[in-house]
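FYI, it's all coordinate maths here, none of it is from the lab. In this text, all values refer to a predicted model and were calculated from it rather than measured experimentally. Note that each Cβ is placed from the backbone with ideal geometry, even for glycine, and that neighbours are counted across all protein chains shown.
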């Protein structure tokens, strides 16, 4: 026998929908909707944080985009620069003073004043992402724990149903975004900067500014693809794990009911 709130929610989610007014059902629906939104946002932003702090993506970029030849910097100095950037995103220093050995000059300040000012904006954006990861993860976890305590074994049925609706909504959004990226990533990239920054400091010279030479547009395009693939795979694994747990519980319940 299912929990009444789960049955009420099923009435609302499975067509035809009658939408009767029921305080308990609406409460469950509201928390399920918040959870369905929080999970994909958490996964996407967590993967943004992961790739931003990774070593392999930067190493891949040096090779993929021939960065050592384009910058006249050896891989060791590029790695040092990437480490300084990653540290900058998490420390309390306001301005990035990236120093490398360049053409025999030790302790060379690689970035111009405009690039440094833009990195101040980027740091604010990245720290917002890192905070959002913690917030959405905490929301999803708290709702899941509350649901497990409140519904008991029926929680897994509700969780799987919620994840299916979350997958449907997320799939539509990601699909539209993915088509736009594949059609014209340059347009999407520019619109992202228009929306994310209140100035035009991100408009850098691809021939003289080391920030954009080190991290060309293709780097961001492929990083976006990595984030999308990781997020989709993790969401699928989450749904698979919940389905397995639900199936095991159903089998256990069936075994207990046999004479």
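Between 0 and 90 degrees, the angle of helix 75-90 with respect to the longest Cα principal axis of the chain falls at about 50 degrees. Within the listed set 226, 192, 130, the residue fluctuating most in the Gaussian network model of the chain (springs between alpha-carbon atoms under 10 angstrom) is 192. For segment 45-63 versus segment 75-126, the spacing of their alpha-carbon centroids is 16 Å. Most mobile of 106, 206, 68 per a Gaussian network model of the chain (Cα springs, under 10 Å)? Judging by the Gaussian network model, the answer is 106. In this rough spin-label picture, where each label sits 7 Å from Cα along the Cβ direction, the residue 101-residue 220 distance is 3.2 nm. Helix 113-151 and the longest principal axis of the Cα set of the chain meet at an angle near 10°.
Give the order of 117, 72 when sorted by the count of other beta carbons within 10 angstrom, beginning with the fewest.
Working: 117 14, 72 9.
Going from sparsest to densest Cβ surroundings: 72, 117.
Taking segment 60-94 and a reference point 7 angstrom along Cα→Cβ of residue 207, no backbone N atom is nearer than 11 Å.
If we count other beta carbons within 10 Å of each Cβ, what is the order of 86, 246, fewest first?
On the way: 86 16, 246 19.
Least to most surrounded, the residues fall as 86, 246.
Among 183, 232, 245, the largest mean-square fluctuation in a Gaussian network model of the chain (Cα springs under 10 Å) belongs to 183. Between residue 172 and residue 240, the simple label model (points 7 Å from Cα in the Cβ direction) yields a spacing of 2.7 nm. Taking all C-alpha pairs of the chain, those more than 29 Å from each other amount to 46 percent. By other beta-carbon atoms within 10 Å, ranking 214, 249, 119 with the fewest at the front produces 249, 119, 214. Seen against the Cα atoms of the chain and their longest principal axis, helix 155-183 is set at about 40 degrees.
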